[in-house]
1. Let me see the pair-distance distribution of the chain: every alpha carbon pair, 5 Å bin width, integer percents in order.
2. Applying a 10 Å radius around every beta-carbon, put 113-122, 201-210, 49-58, 244-253 in order of their mean neighbour count, most first.
3. If Rh is defined by the Kirkwood formula over all Cα pairs and Rg also comes from Cα, what ratio Rg/Rh do you get for the range 111-262?
4. For the chain, with every protein chain kept in place, what is the accessible area per residue (1.4 Å probe, Å²)?
5. Quick one: Karplus J couplings for the range 63-80, per residue in order, coefficients 6.51, -1.76, 1.60, θ = phi - 60°, nearest Hz, x for Gly and Pro?
6. Heavy atoms only, probe 1.4 Å: what % of the accessible area of the chain goes to carbon and sulfur, would you let me know?
7. Pop out the ³J(HN,Hα) list for the range 153-161 in order, Karplus 6.51 cos²θ - 1.76 cosθ + 1.60 with θ = phi - 60°, rounded to Hz; leave Gly and Pro as x.
8. May I ask which of K172/K281; K109/K172; K181/K281 have a Cα-Cα span longer than 20 Å here?
Amino acid sequence: MADAADPVDRLLPVRIARFTTGDDPSYGVVSGELDEFGQPADDSVVVELAGDPLYAGVQPTQTEHRLSDVRLLAPVIPRSKVVAIGRNYAAHAAELGNDVPEEPLIFLKPNTSVVGPGDQVFYPPQSERVDYEGELAVVIGRICRDVPPEQATDVIFGYTIANDVTARDLQKKDGQWSRAKGFDSFCPLGPWIETDLDPQDFADGVSIQTHLNGDLVQDGSTKDLIFDIPTLVAHITSVMTLLPGDVILTGTPEGVGPMEPGDEVEVSIGGLGALTNTVVKR
Ligand code: MG
């Protein structure tokens with residue numbers, strides 16, 4: 001039962017942002033409902049937290065800021081890695097001429113590729129084809145390995161939105177994906193981490209859309225994930241230990257395509273919000 005006088009209940013659902021007002025980054029909980037476009041209300045506030053909620057838990061302080069007065073940053077800097085999944089939607093595998101993998105296909109993006117909401121994606125001079133890939137991202141909350149699927153929820157801190165930016169020409173040329181997926185700024189994350197969702201919500205189906213300069217270019221649902229979130233957590237942790245703050249990108253639905261310098265790209269996921277970035281030449 002929600003208690004309006006309780007500072008934590010008042011803030012549910014818990015939307016954890018990392019932000020700056022000009023000084024060192026802080027963490028906070030963003031209040032209020034999102035509109036149909038995933039945008040927070042004009043009067044939304046950020047209640048500052050004591051410490052990093054990944055380690056200290058959600059401890060609200062007495063300090064509040066208007067959301068419009070702060071600059072949101074990437075809600076998490078992965079402590080060691082971003083583990084990404086390739087070809088996890090059948091229609092997307094098909095659009096690039098690939099078969100659906102028999103088991104999850106994993107690759108890594110360096111934590112130095114992470115940028116935040118509103119940040120620029122740098123179009124590198126080595127590429128002539130840089131694509132957007134809108135994706136649901138899972139933020140890990142505790143050190144873990146060999147996690148059974150039925151215990152995946154225990155190691156998940158929350159969910160955010162990602163753009164798995166990809167130099168498509170270099171991906172084909174190199175045959176492996178480290179360069180194509182790993183440029184600085186090729187992993188926008190944000191705008192915040194939603195902690196009050198369950199993997200089953202995504203299995204039931206949550207919309208995932210990408211708009212390029214306002215045009216709808218990806219229109220998928222997480223119910224079409226080939227390997228669901230518990231399966232991904234189990235598979236990845238059978239290979240490598242995950243640390244608090246590590247991030248899993250769950251794959252992109254069909255409709256990937258190129259971005260050009262000057263473009264604005266927005267990835268939105270139902271209930272999570274919208275992540276917007278612009279592309280500039282490096
Ligand atoms: Mg991807």
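1. 1, 6, 13, 18, 20, 18, 13, 8, 3, 1, 0, 0
2. On the way: 113-122: 20.8, 201-210: 18.3, 49-58: 15.4, 244-253: 25.2.
Most protected by this proxy first, the peptides run 244-253, 113-122, 201-210, 49-58.
3. 0.96
4. Working: 12340 Å² over 282 residues.
Normalised by residue count, the accessible surface of the chain is 44 Å².
5. Those phi angles translate into 8, 10, 10, 5, 4, 5, 9, 10, 9, 6, 10, 3, x, 8, 9, x, 5, 10 Hz.
6. Carbon-and-sulfur percentage of accessible area, whole number: 47.
7. My calculation for the range 153-161 gives 4, 5, 9, 8, 7, x, 9, 9, 10 Hz in order.
8. Values: K172/K281 22 Å; K109/K172 17 Å; K181/K281 17 Å.
Table pairs above 20 Å Cα-Cα are K172/K281.
The values are calculated or read from the model by the stated rules, or taken from the named source; none is laboratory data. This structure is a prediction, so every number in the text was calculated from the model and none was measured. A quick note on method: Cβ atoms are made from the backbone with ideal geometry, for glycine too, and the neighbour counts reach across all protein chains shown. When the accessible area is computed, the model is the full protein with side chains, heavy atoms only, and any ligands, DNA or RNA have been set aside. Shrake-Rupley method; radii C 1.70, N 1.55, O 1.52, S 1.80 Å.
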